[in-house]
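First up is the structure itself, then whatever we jot down about it.
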Amino acid sequence: MLTRYDKVLICFLLFLALLSFAICAFGVKFEGLKTFGGREVVIFVSGREVARYPLVVKRERIEIEGPLGTSLVEINGGKVRMLTSPCPNKICVGQGWIEGPNQVIVCAPNRVIVKIAGGRGDELDAVSR
Amino acid sequence: MKSTRKLMVLSFLLAAGIVLYIVEALYLPSLPVPGAKLGLTSITTLIVLVLYSWRECLLHVVARTVIGSVLAGTFLTPVFLFSFTGALMSALVMILVYEKLYGKFSLAGVSLTGATTHNMAQLILAVFFVGHPGVFFQMPFLILIAIPTGVFNGVAAGYLVQRTAALSI
């Protein structure tokens, strides 16, 4: 049923699949995991944007001046957290790491908002056919 | 007389293609890879291409995707855009391969090129739609799925063409 050229075509397509798979795996290793979909960390104080970092960077102590004092924000491994905060309840510190798009850490007493913006979610929102 | 018969056969195949399109779009469970499907409609595309010529084939593809999506309720939505582009591109490639290389490739090979083109065209469209090249991560899986489905459709179309030859259409 299949001619010789058909078989050659199938082999070629298998090779193409393998090649693109290799390229994708390569891409994941050197791009995807490290750029985190082009996401950014945006930090607001009293509603005004004061700092913006790509999620790729590693910053262990970003000092943010709020009304109560200095909050420290840490970016590491594609995640962000509030390291220390001068606020009384430390809810923002207790929230721990965030990494997804549109996740936020809010410190109401010190009026600091740390938000992950940009990029497109890697998760599927919907499948339409 | 001849053209009446041709009209009838073409509209019959168009109806069959539309039914396959709707059944596939609405009722068949999706394969594990998003965007992948059996592509049963390419069977009728191939039959029209073999029985008639590239003009009828293109007309068949355009009419099928338009009427089929109107009936499935997806006309002028992104879904329609995807299926229209994919079907048209794959039909164009199948026409080229069939006209120039048939004999070297069997119908299974022709269908295989069509299936792969269908997936690649939709993938490229998806990159523009989503605006992120990460969509290309689907490519190896789409190609792997296109191989069995493409061969299956080609073989099925081959059998059907053999049977219709006996009816002297």
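Results, tabulated for the structure shown:
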item	result
Qualifying residue in region B:99-115 (condition: assigned to a helix (DSSP H, G or I) and over 14 Å from A:LEU9 (Cα atoms))	yes
Scope region A:49-96; condition open to solvent by 20 Å² or more (accessible area, probe 1.4 Å), within 15 Å of A:ALA117 (Cα to Cα) and in a strand (DSSP E or B); matching residues	A:GLU49, A:VAL50, A:ARG52, A:TYR53, A:PRO54, A:LYS79, A:ARG81
Filter result for A:ALA17 (at pLDDT below 90, loosely packed, with under 14 Cβ neighbours inside 10 Å and closer than 20 Å to B:PRO140 by Cβ)	no
Residues of region B:84-111 satisfying the condition of being polar (S, T, N, Q) and under 15 Å from B:THR44 (Cα atoms)	B:SER90, B:SER111
Scope region B:73-87; condition at pLDDT 85 or above and part of a helix (DSSP H, G or I); matching residues	B:PHE80, B:LEU81, B:PHE82, B:SER83, B:PHE84, B:THR85, B:GLY86, B:ALA87
Any pair with Cβ under 7 angstrom, 6 or more apart, that starts in region B:46-60 at a residue that is open to solvent by 40 Å² or more (accessible area, probe 1.4 Å) and ends at one that is not in a helix (DSSP H, G or I)	B:LEU51/B:ILE169
Single match in B:GLY103, B:GLY109 (criterion: more than 16 Å from B:GLU56 (Cβ to Cβ) and buried (at least 24 other Cβ atoms within 10 Å of the Cβ))	B:GLY109
Counted residues, region B:102-146 - those being of a type outside the set (Phe, Trp, Tyr) and over 12 Å from B:GLY39 (Cβ atoms)	26
Test for B:PHE128: is it open to solvent by 30 Å² or more (accessible area, probe 1.4 Å), more than 7 Å from chain A (Cβ to nearest Cβ), part of a helix (DSSP H, G or I) and more than 23 Å from B:VAL97 (Cβ to Cβ)	yes
Odd one out for B:LYS37, checked against (1) open to solvent by 40 Å² or more (accessible area, probe 1.4 Å); (2) more than 12 Å from chain A (Cβ to nearest Cβ); (3) among the charged types (D, E, K, R)	(2)
Residues being crowded, with 17+ Cβ neighbours inside 10 Å, among the hydrophobic types (A, V, I, L, M, F, W, C) and more than 9 Å from chain A (Cβ to nearest Cβ) - total across region B:61-87	6
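The values are calculated or read from the model by the stated rules, or taken from the named source; none is laboratory data. As the structure is a prediction and not an experimental result, all values here were calculated from the model. When we count neighbours, we look across all protein chains shown, and the Cβ atoms used for this are built from the backbone with ideal geometry, even at glycine. Calculation scope for accessible area: heavy atoms of the full protein, side chains included, ligands and nucleic acids excluded. Shrake-Rupley method; radii C 1.70, N 1.55, O 1.52, S 1.80 Å.
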